[in-house]
Amino acid sequence: MTGTPNNSGKTVLVCCGTGCLANNSMEIYKELKKRVEALGPGFAVRPVLKTTGCNGLCEKGPIVNILPDDIFYCRVRVSDVDEIFEKTILRGEVIERLLYLDTSTGRRVRSHKESEFYRRQLKIALRNIGQIDPASIDDYIERGGYNALKKALFEMSPELVISEIERSGLRGRGGAGFPTGYKWRQCKRVNSFPKYVVCNGDEGDPGAFMDRSIMEGDPHSVIEGMIIGAYAVGSKKGFIYIRDEYSLAVRNVSKAIEDAYSRGFLGRGIMGSGFNFDVEVVRGGGAFVCGESTALMASIEGRVGEPRVKYIRSTEKGLWGQPTVLNNVETWANVPVIIDRGADWFAAIGTDRSKGTKVFSLVGKVKNTGLIEVPMGITLREIIFDIGGGITGNGKFKAVQTGGPSGGCIPEALLDLPVDFDSLDRAGSMMGSGGMIVMDETTCMVEVARYYLKFLSEESCGKCTPCREGIRRMLEILEDICAGRGQEGDLELLLELSETVKEASLCGLGKTAPNPVLTTIKYFESEYLAHIRDKRCPAGVCRKLTSYRINTDLCRGCGLCAKKCPAGAISGKPGAPHIIDVSSCIVCGTCREVCRFNAVEVIGGRSE
Amino acid sequence: MRVIIDGKECEAGYGEYILDVARRNGIHIPTLCHSGALPGQGSCRLCIVEVAEAGKKKVVVSCLYPITGEIEVTTNSERIYRMRRNIVRLLAARAPSGEFIKKLREEYGIPEETRFKVDEKEKCILCGLCVRACEEIGLSAISTVNRGTTKKVAPPFEEPPEDCIGCASCAYVCPTGAIEVQEFEGKRVIWNRAFELLKCAGCGRYFITRQQYEYIKNKHGIDMKEPLCDRCRQKSTAEKLIHLL
């Protein structure tokens, strides 16, 4: 492939999100910059170099994207810089081996926008990410940034802004899906000042990085959304709560706030209107529970991050007892687009009751992992098999866990479920903030439930009894089951405790915590029974309940398993079936992984 | 404003909590973390009730649910009883040795715990009343530390608390007697810190720590010439009044 030999007006985007940075992308940027700066005076139009936020393709990073030809290079190394500079930047040639590999066709595509992974997506919240330098307010403005704010301030009344958001059907992207416009209206109605707007950037789900990506890659979209929201409800002060582990997000958002002040988008008399608004960053200590709105507010106030009952809504009594609108990062990032392009445009995307798009972090046993933004109503099957490219290693799909640690596991039978707030709820899971973990046949569902309950037992704030003590005891039962100490009646007890934790807990953390247990019991009960009654882990994960045997009919005697076994437990002559010595086997599963003939079988735990 | 609690019609003020209305009408709802003197916390969840409003039923804590409309409350449905019993079981599995917990366990017919690991010596149920009381006094000498299963109540760095005045309000509000207070030889020891006790100028009984006496004096600007215990103060006030008459 050769492109047009044209070096004028080229823009080189180097992804400098957390994932790519960890893989040395800053070095790549610096090396490219050196070469660009060393260019002789013969170049009328110099290539422009930019660092961008996270493209959400961390597994394929570092990423270098060259515009306007949109040549998309993945897994770039510093040693590739010379070639990229000489061939692509100067001569417009494409380096085939660095191109994005489309797993659905097995072919490399010039722009990843041609891939199945990208084509199915619709970028609204992520509209600018990877395309702009997050540290440059001009980049944001160039792509239409702060237009919506201007429109809101000068062409719309606060009332009209709220009704526009209401008509758009936007629902909170943080998990519960509360209608955003309705929340704003509740807050506007309360005649008590000051009022506050808060951005929840405490994303704590393991494996989720939607909000981080937005805050790092397009901080102005969040700030613009908040100014519009503040104008609508009559607030003069906002807080962006970011967990301190997100150091790059803290840095980029802080820089964006500074720049917005210097351009008159924040502060007194915004854009020459009579509207004043200040915003500041608050860094969180990294407790999962501080993603809960009332715990987050307690944390901003400087108190212990514990939730309070919400019989009186935060829109009435929130931060320091004053009316407060709290929305998630992704929700705020959607606001400017809705104001700019209109509620009708937004409402035409998605399903009847879930409008617009949702960002998911698609991870686990799928071929294409990363951040995706898809219209609501897309099926799980489309996400996992079309966008995700199916299960890695041609394994078999078993379940998908949605909604973060307190979401549920959805089985194969429900793969055609449309992804929207209500359908996921009905399946016993939830939208959550958008984590999506795909699991294959080698995953033990009891162990999955145990894993999430362990996380939740540690992250429960410990204020209320059902959550603190209930989760702890449910975990105790699950640990017993995984270790072969499961008893008759354990499932019934788990279900009964689940009811109490779900119904009687104080906040959303406890109220959703039993979901992993409830859904795995509902959809994978036989696996629990195999653990409890037969003392066997069908997936071969729980060590106490697993041993391996080589099927002599399938084994070709290649010896790979014996070579890889760290315990030296496998023996056999070349060409003849091998044998595992169960007494020295440590059940690590390496033999099963490396066997190319599926000859290693999982059987129940060894009797002691 | 009219509400129905367990079939009984009750009168309630706007914003009044269900628990207060129920108690006024002789309807018993069990509580642990509730104290009339402190703002509600809703942490023990023992006082859960079912509220039916506009055809929908929900589980709420009665100590903090404000009545703002015509609702029907059930304090002891089968479902509520089952969950409350579970909560008592969970609390008893955590802290079996407090008297109050023992009583509750008897009341709900909960057998000796055999399924879960139990720490027989533990008394604290982490209701948070002690922390709230200390905060209310204006000291916040103790706080909950950590979270999840490792949560506990402790002074900063688990050292004898600097801000503590030894008033023992924390121990006084504790429903399970989990906070140890020792008094001997004119000293009170609490949170591993020893406080000097002052004698009542009237009856000669030890009744207040020096720090507590100073704190009250400074905070309320009351200059008691000499410390008097509650009884002797009442007596002296009464005597003064008699003189006036």
Counting other C-beta atoms within 10 Å, and keeping those with at most 13, which DSSP coil GluC sites (Glu not before Pro) do you find in region A:452-516? A:488
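Show that you can apply the helix-only estimate: for chain A, add -39,500 (n - 2.57) for every DSSP H stretch of four or more residues, divide by all residues, and state [θ] at 222 nm to the nearest 500. Let's see the in-between values first.
Values: 22 runs with 203 residues, N = 608.
Helices in chain A give a 222 nm mean residue ellipticity of -9500 deg cm²/dmol.
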Note to self: C-alpha centroids of region A:361-426 and region A:544-561 sit apart, in Å, by 32
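Suppose a student asked you for the relative contact order of chain B, using Cα pairs under 8 Å spaced at least 6 residues apart; what percent would you report?
Numbers: 376 pairs, mean separation 29.5, N = 245.
Normalised by residue count, the contact order of chain B is 12 percent.
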Between rounded, prolate and oblate, where does chain A land on the alpha carbon gyration tensor, with a ≥ b ≥ c its root eigenvalues, rounded for a/c under 1.5, else prolate if a/b exceeds b/c? oblate
Relative exposure of A:166, A:216, B:107, judged by other C-beta atoms within 10 Å (fewest first): B:107, A:166, A:216
Between residue A:493 and residue B:157, how high is the FRET efficiency from 1/(1 + (r/R0)^6) when r is the Cβ-Cβ distance and R₀ = 41 Å? Nearest 0.05. 0.60
To the nearest 10 degrees, the tilt of helix B:230-244 (Cα long axis) against the first principal axis of the alpha carbons of chain B is 70
Listed by chain and number, the residues whose amide H is under 5 Å from that of residue A:281, excluding neighbours fewer than 5 places away on the same chain and using placed H, are A:240
What span do the alpha-carbon atoms of region B:133-245 cover on each of the three principal axes, reported in whole Å from largest to smallest? 61, 29, 25
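What dipole magnitude, in Debye to the nearest 20, does chain A give about its Cα centre under +1 on Lys/Arg Cβ and -1 on Asp/Glu Cβ? Write out the running numbers ahead of the final one.
On the way: 79 positive and 75 negative charges, 90 e Å.
My answer is approximately 440 debye.
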Dipole of region A:10-114, positive end: most advanced residue of A:53, A:22, A:103 [Cβ charges, Cα centre]: A:53
Straight-line reach from residue B:58: which lysines have a Cα under 25 Å away, not including same-chain ones fewer than 8 places off? A:183, A:310, A:317, A:463, A:502, A:511, A:522, B:8
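Placing unit charges on C-beta atoms (Lys and Arg positive, Asp and Glu negative, everything else neutral), compute the dipole magnitude of region A:445-533 about its Cα centre in debye, rounded to 20.
Working: 11 positive and 15 negative charges, 58 e Å.
Roughly 280 debye, rounded to the nearest 20.
Pairs B:123/B:151; A:123/A:358; A:123/A:365: which are spaced more than 19 Å apart, C-alpha to C-alpha?
From B:123/B:151; A:123/A:358; A:123/A:365, over 19 Å: A:123/A:365.
In which sequence would B:184, B:116, A:85 go, from the one with the fewest C-beta neighbours within 10 Å to the one with the most? Mind dumping the intermediate values first?
Details: B:184 10, B:116 17, A:85 20.
Exposure proxy ranking, most exposed first: B:184, B:116, A:85.
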Looking at the square roots a ≥ b ≥ c of the eigenvalues of the Cα gyration tensor of region A:137-348, which shape do they give, rounded for a/c under 1.5, prolate if a/b is larger than b/c, or oblate? rounded
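With only Lys, Arg, Asp and Glu charged, each at its Cβ (+1 for the first two, -1 for the last two), find how big the charge dipole of chain B is about the Cα centre; round to the nearest 20 debye.
Numbers: 38 positive and 33 negative charges, 60 e Å.
Roughly 280 debye, rounded to the nearest 20.
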So what J values fall out for region B:90-101 if you push phi through Karplus, 6.51 cos²θ - 1.76 cosθ + 1.60 with θ = phi - 60°, rounded to Hz, Gly and Pro as x? 5, 5, 5, 6, 7, 9, x, 8, x, 4, 5, 5
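Every number here is computed from the coordinates shown, using simple stated rules; none is lab data. On a predicted model such as this, the values are computed, not experimentally measured, just so you know. Cβ coordinates were reconstructed from backbone atoms using ideal geometry, including for glycine residues, and neighbour counts include every protein chain displayed.
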